[in-house]
Amino acid sequence: MTDILADPFDLTGRIALVTGASSGLGARFARILARHGAKVVLAARRLDRLDAVRNDIERDGGQASCVVLDVADEHSLTAAFDAAEAVFGVVDTIIANAGVSISQRSIAMTTEQFDQQIAINLRGPFLTAREGARRLVQAGSREKRHGRILFITSILATAPEVGLAAYGASKAGVAQMSRVMALELVRQGINVNVIAPGYIETEMNRDWFLTESGAAQVAAFPRRRLMREADLDGALLYFASDLSRAVTGAMLTVDDGQSI
Ligand SMILES: NC(=O)c1ccc[n+]([C@@H]2O[C@H](COP(=O)([O-])OP(=O)(O)OC[C@H]3O[C@@H](n4cnc5c(N)ncnc54)[C@H](OP(=O)(O)O)[C@@H]3O)[C@@H](O)[C@H]2O)c1
């Protein structure tokens with residue numbers, strides 16, 4: 001029977017890999033997972049930034065390791081998971097968070113801009129989840145493992161926004177991909193879910209929200225404010241922990257009412 005006094009968000013023994021952990025939401029996710037006991041592998045392209053997050057986590061008493069990763073490159077992903085396994089063991093909690101956004105109206109968007117967003121925001125999460133799931137399935141035949149794959153999409157997967165055709169398409173693609181993967185992996189003990197955040201101030205959009213048009217956009221949100229990175233802590237811990245044992249193929253919108 002479950003101990004009702006135990007910390008429901010205890011992640012001790014879990015090994016997590018967070019892509020895009022060098023800034024913004026990914027850095028926050030890594031800190032929160034480590035704070036709750038998970039060993040965390042921080043992955044992105046900028047090693048100096050990853051090192052800074054790792055230092056923070058270690059100062060806080062957590063355990064973390066850094067690996068350079070380009071999510072659009074499958075060889076880079078194989079190497080990153082190999083490195084993660086060598087340090088901590090098989091990754092059981094995969095947070096596919098890395099992403100980019102290039103705002104450009106469709107008639108002006110270059111093929112390269114389109115391809116870059118699809119490569120990082122759609123192929124990247126696929127390659128990340130595929131690599132992690134392959135290893136979990138393999139490990140599962142030797143020992144019963146718990147697995148979690150969490151994708152970060154956006155309210156812009158469903159709401160159209162001028163300039164974001166490729167970004168919106170990539171996020172909508174991830175949303176549907178997640179449901180297929182959830183179905184495929186349901187018997188392997190791997191839960192696949194999605195958080196769809198609203199606008200949160202990070203490096204991705206900080207300059208935009210400093211403009212007059214950006215400020216006007218915030219003024220039009222129901223609560224007339226941007227969200228903070230910490231606003232996703234609850235959703236992250238829910239999907240990473242045993243509380244979501246029976247939840248797979250789900251998407252949770254966390255947007256402060258922005259898409260109502
Ligand atoms: N901020 C928002 O309002 C918001 C809302 C909804 C959804 N999201 C989503 O949340 C995720 C995180 O965004 P953020 O707001 O935290 O933006 P951010 O601060 O710009 O972080 C993006 C992260 O992705 C990493 N990244 C980009 N390309 C990569 C690649 N090819 N390989 C590996 N890592 C790569 C970056 O690291 P390196 O440059 O070091 O590689 C960085 O750590 C994205 O998927 C974004 O679409 C954000």
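What residue among 124, 147, 13 has the largest mean-square fluctuation in a Gaussian network model of the chain, using Cα springs under 10 Å?
13
Around residue 71, with a cut-off of 12 angstrom between Cβ atoms, what is the net charge of the other residues, counting Lys and Arg +1 and Asp and Glu -1? Mind showing how you got there, number by number?
Working: positive: 45, 123, 130; negative: 70, 73, 74, 131.
Residues close to residue 71 contribute a combined charge of -1.
To the nearest 10 degrees, how steep is helix 74-87 against the longest Cα principal axis of the chain, on a 0 to 90 scale?
Its long axis makes an angle of about 40 degrees.
If I fit a long axis through the Cα atoms of helix 165-185 and take the longest principal axis of the Cα atoms of the chain, what angle between them do I get, 0 to 90°, rounded to 10?
The angle comes out near 20 degrees.
What are the ³J(HN,Hα) values, in whole Hz, obtained from phi via the Karplus relation 6.51 cos²θ - 1.76 cosθ + 1.60 with θ = phi - 60°, for each residue of the range 225-235 in sequence order, with x given for Gly and Pro?
Whole-Hz 3J(HN,Hα) from phi for the range 225-235: 8, 7, 7, 10, 3, 5, 5, 9, 4, x, 5.
Using Cα atoms only, what is the angle between the long axis of helix 24-35 and the major principal axis of the chain, expressed in degrees (0 to 90) to the nearest 10?
Result, in degrees: 20.
Per-residue HN-Hα couplings for the range 207-219, Karplus 6.51 cos²θ - 1.76 cosθ + 1.60 at θ = phi - 60°, whole Hz, x for Gly and Pro?
The phi angles translate into 5, 4, 6, 7, 7, 4, 5, x, 5, 5, 5, 5, 5 Hz.
Given the rule -39500 (n - 2.57) for each run of at least 4 DSSP H residues, summed and divided by the residues of the chain, what is its mean residue ellipticity at 222 nm, to the nearest 500 deg cm²/dmol?
Details: 9 runs with 106 residues, N = 260.
One gets -12500 deg cm²/dmol as the mean residue ellipticity at 222 nm.
According to a simple spin-label model (label point 7 Å from Cα along Cα-to-Cβ), what is the distance in nm between residue 73 and residue 188?
Between residue 188 and residue 73, the label points sit 2.5 nm apart.
For residue 224 and residue 180 in one chain, what is 0.36 nm times their gap in residues minus the Cα-Cα distance, to one decimal in nm?
Values: separation 44, 0.36 × 44 = 15.84 nm, distance 3.59 nm.
Between residue 224 and residue 180, full extension yields an extra 12.3 nm.
Just need the Rg to Rh number for the range 1-80, please, alpha carbons only, Kirkwood Rh.
Details: Rg = 13.6 Å, Rh = 12.9 Å.
Ratio value, two decimals: 1.05.
To the nearest 20 Debye, how big is the dipole of the range 132-188 about its Cα centre, given +1 on the beta carbon of each Lys and Arg and -1 on that of each Asp and Glu? Walk me through the intermediate numbers first.
On the way: 9 positive and 3 negative charges, 89 e Å.
Rounded to the nearest 20 debye, it is 420 debye.
Readers should treat all values here as calculations from the given coordinates under stated rules, not as data from a laboratory. Note that the structure is a prediction, hence the values are computed from the model and not measured. Note: ideal-geometry Cβ built from the backbone for every residue, glycine included; neighbour counts use all protein chains shown.
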